Amino acid sequence: MLGAAPPPPPPRKPDGETIRNAIDHLTNRETEYYERTPSASKADRLVLDEDKLLLTDYFYFLMKQLRLCRFSESDRKTRGGKREKIKIGYGGLQCIHCADIPNSRKFFWSNVDRLANSFAEIPGHVLKCRRCPMQTKEALLQLKQFHPEQMARLPRGSQKVFFRRMWRRLHDDDDDDGTAEASSGQGAGSEDVKAEGAEEDKEKEATPKKESPASKADKEKSPDSVSEESTVLLQRSTLEAAKILADAVPAGQPNSLSSHVLLAIPEDKEWLSDSDCFIRKQLEVFCATEADVATAQADKKYPVHVGQVGIRCIHCSLAKDMHGASGTAVAFPFAVTGIYEAVREFQRLHLDSCDNLPEATKDKLAAFKGASSLSSVLRKYYVLAAKALGIHDTREGIRAGGEAAPLGSQAAFSFAEGDVSLVPVQSTTDAAEANNTKKRQTDQSSEAAEEEPPAKKVKEETAEEEVKETSTEDSENESQAEQKA
């Protein structure tokens, strides 16, 4: 009986030149697309050049086959039924190849997590789209062969960071009154995901809320506690915040609204989840005064110096009828890398039980449970954000007034690394060249071994026999010496 046929050999990976040609083709096609589509060239780009550091070459150029679109009434009907709960103007994705035909393929998700979890629909369409040129499909498939290898080199969470950034580009223009209703996971879904709960929310909004006794007591107890609206007002440009910190006078500054600087910066929304952005807005960065040092000593904290940078609850800090922030509401990280852990402790020990936290903020905080960014992403970002505020390490803890390093694209470099350093990720072309070089070296070594002269082999065999004989003689001499002893 004949045995089973051997499996076919795996497809050979394309070489460096083939990969370069594939990338050149995809780049040229993108240029041609924007030249012949003026409206697309004026619109905001879905994928930026710096995003390449967060993605594999395959995924980067795959995303280039999509463009931003807005939901219209004509998009209401779809093959899976009706998109009844999506509001007009909601952001989505559209294939650039079939965008100019009726019933072109569009994708709408209710939140970034659903986008990330069901994104397999995108390559499934692009690689089968009848309007997508065959050469473009072949180029993408060639890059796809290096996708697993590149994914293994990228740090965990890089792709999710990109989805977060892309989500902001899709929905930054959504109305504040809930045009998208995306933050709560309502109002939209992909063609295979139905949105739920929008009608219930409308009923809740229509029913006036009764103020609870606890809420009334909180207001009476702390009439000047900071509201969510005033917290938003504290946000300013990162450079402006860095300047306020650098100019801070340690000797008893007045507790005015303009003197406070939030830990949150505008760039947070580009890199972090809604939950992490919100938590950073509940904290302020400050330079310790004599009074702050005395409070720290009373709390039996580690030694704190005047001018040392700390973080504290913004609500407790602005509560004028209270004694300010103390205890678990304040922390003085000794190093910039410790800010992340200090915020974690603040969230665990103080935030949920803060007496000055407004009810609206508590409700919003509860809605974010379980929607955090990866810790690997957060740790890197906290260091970069601190440097953007001019915060730096000294022998006496962290201080303000250092060089403010704008976040910009350096965050993409840093997230592409295992460490906060600026080393670019190896591209597919480089990987292909490295594989080819390694293969050539292996082939040359094999050929050299096959062509080795017989005389050389005889010499090596003779040398090996001499070594064995010498070892045997040494062993016999040692045995005789032991017997005499």
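The values are calculated or read from the model by the stated rules, or taken from the named source; none is laboratory data. Keep in mind the model is a prediction, meaning the values are calculated, not measured. All Cβ positions, even for glycine, are placed from backbone atoms using ideal geometry, and neighbour counts span all protein chains on display.
Here are the numbers for this structure:
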item	result
Verdict on residue 164 being over 26 Å from residue 87 (Cβ atoms), out of contact with any Pro (no Cβ under 8 Å at 6 or more places or on another chain), modelled with pLDDT of 80 or more and not hydroxyl-bearing (Ser, Thr, Tyr)	no
Positions within the range 115-144 being outside any helix (DSSP H, G or I) and buried (at least 18 other Cβ atoms within 10 Å of the Cβ), in sequence order	119, 129, 132
In the range 64-114, residue nearest to residue 128 (Cα to Cα) [restricted to those that are of a type in the set (D, E, K, R) and assigned to a strand (DSSP E or B)]	106
Criterion (modelled with pLDDT of 85 or more, out of contact with any Cys (no Cβ under 6 Å at 6 or more places or on another chain) and not in a helix (DSSP H, G or I)) met by exactly one of 365, 357	357
Pairs where the first residue, in the range 159-171, is among the polar types (S, T, N, Q) and the second is modelled with pLDDT of 90 or more and surrounded by 18 or more Cβ atoms within 10 Å (Cβ to Cβ), C-beta under 6 Å, 6+ apart	none
Condition check for residue 293: closer than 23 Å to residue 401 by Cβ and either in contact (Cβ under 8 Å) with a residue 60 or more places away in the chain or among the aromatic types (Phe, Trp, Tyr) (or both)	no
Residue check for residue 74: in contact with a helix residue (DSSP H, G or I) (Cβ under 9 Å, 6 or more places away or on another chain) and either over 30 Å from residue 275 (Cβ atoms) or not β-branched (Val, Ile, Thr) (or both)	no
Number of the condition not met by residue 264 [criteria: (1) under 25 Å from residue 161 (Cα atoms); (2) in contact (Cβ under 8 Å) with a residue 40 or more places away in the chain; (3) touching a strand residue (DSSP E or B) at 6+ places or on another chain (Cβ under 8 Å); (4) buried (at least 23 other Cβ atoms within 10 Å of the Cβ)]	(2)
Boolean, residue 150 is out of contact with any helix residue (DSSP H, G or I) (no Cβ under 6 Å at 6 or more places or on another chain) and touching a residue at least 24 places away in the same chain (Cβ under 8 Å)	yes
Scope the range 282-334; condition closer than 24 Å to residue 366 by Cα and part of a helix (DSSP H, G or I); matching residues	314, 315, 316, 317, 327, 328, 329
Test: residue in the range 233-251 that is more than 22 Å from residue 382 (Cβ to Cβ) and at pLDDT below 50	yes
Filter result (farther than 16 Å from residue 389 by Cβ and either at pLDDT below 70 or assigned to a loop (DSSP other than H, G, I, E, B) (or both)) within the range 252-268	252, 253, 254, 255, 256, 257
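Rundown of residues vs (1) in a strand (DSSP E or B); (2) assigned by TED's automatic domain parsing to the domain that holds residue 315; (3) modelled with pLDDT under 90, yes/no style:
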site: 373; (1), (2), (3): no, yes, yes
site: 379; (1), (2), (3): no, yes, yes
site: 382; (1), (2), (3): no, yes, no
site: 390; (1), (2), (3): no, yes, no
site: 398; (1), (2), (3): yes, yes, no
site: 423; (1), (2), (3): no, no, yes
site: 443; (1), (2), (3): no, no, yes
